[in-house]
Ligand code: NAD
């Protein structure tokens, strides 16, 4: 069995490899050769923790396994990241454990890869201004991955806790893009692409604030009850997601579905756009919205890529198991 510890991941894999791995598995999902198992996420009644599993199998790459972990809100007092996860990969031929891989950095990279994929396939080619709603742990990964997809000239951002925007500003400076903290009216009026990555339980961005032609990547809503944008905005958009079953239960679409504003048939999976079976953006005025809920197959895809890289570079830790 191979172990790739959390501390080794950053030196092994970057956003480009994660982009490719996630793009391939989204396409495999569209071909129905990769599927996710139902998500388990439970409050365990200890340490205020939320714990769960995301798992699946990709018959094309033979990635089989699960990501297990969750959210421990008091970790910050211990100098640890609140979100903790580990990926377990199994040999699809024998069921033996093939690898244990640190999942914290990989989660951020695979989530940023998903929204970057949505930008590649759905945003207008001439998109110039990137808007970001949210300034937490995931936000800088989102920014770095997004700027690889279009020739953005400016970043505008809003956060519920404005004092947190400094770290996004720093990353924008590092990338060489002008950065401005704005209110949501300006963000909607100026941004061609908007990424939302917050843990909000009520909508921040309203339909009236978004102009035609915008692409939205709603990445923060991954649990029942969370919500980042107005359900009317979802309904006014061409809607895409990573996985329909998750979008309607734990994704941004859950609210528009519950309000009866959209039906399941209004939501398309991005994998089908990648394979060319479904058209993405229909016109320059189309508002496109990607509901990125985060699927287990993304975790398996990037973990498998990291294991291959660790073996190739001779840094994989092998243990008898
Ligand atoms: P974080 O705790 O580091 O940051 C939380 C962010 O949400 C901050 O910007 C904070 O200011 C904002 N926020 C908090 N309360 C808010 C409110 N009431 N209204 C608006 N904004 C509010 O979290 P993170 O690690 O950056 O993750 C952000 C979100 O993304 C979480 O909901 C997380 O579960 C989700 N997430 C999704 C995926 C996926 O695959 N879709 C993957 C990882 C994380």
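The values are calculated or read from the model by the stated rules, or taken from the named source; none is laboratory data. Just so you know, these numbers come straight off a predicted model, no measurement behind them. As a convention, Cβ positions derive from the backbone with ideal geometry for all residues, glycine included, and neighbour counts pool all protein chains shown.
Numbers below:
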| quantity | calculated |
| --- | --- |
| Count - residues of the stretch 95-114 that are without any contact (Cβ under 8 Å) to a residue 60 or more places away in the chain and within 16 Å of the ligand (Cβ to nearest atom) | 1 |
| Unique match (being within 16 Å of the chain's Cα centre (by Cα), within 16 Å of residue 308 (Cβ to Cβ) and crowded, with 17+ Cβ neighbours inside 10 Å) among 110, 98 | 110 |
| Tally of residues being away from the ligand (no atom under 16 Å from the Cβ) and outside the structural domain of residue 232 (by TED's automatic domain parsing) across the stretch 251-306 | 3 |
| Matching option when the condition is modelled with pLDDT of 95 or more and more than 20 Å from residue 111 (Cβ to Cβ), among 196, 202 | 202 |
| Hey, residue 216 assigned to a helix (DSSP H, G or I) and within 15 Å of the ligand (Cβ to nearest atom) or not | no |
| Test: residue in the stretch 26-43 that is more than 21 Å from the chain's Cα centre (by Cα) and without any contact (Cβ under 8 Å) to a residue 12 or more places away in the chain | yes |
| Selection count, the stretch 115-156, where residues are within 10 Å of the ligand (Cβ to nearest atom), touching a strand residue (DSSP E or B) at 6+ places or on another chain (Cβ under 8 Å) and at pLDDT 95 or above | 7 |
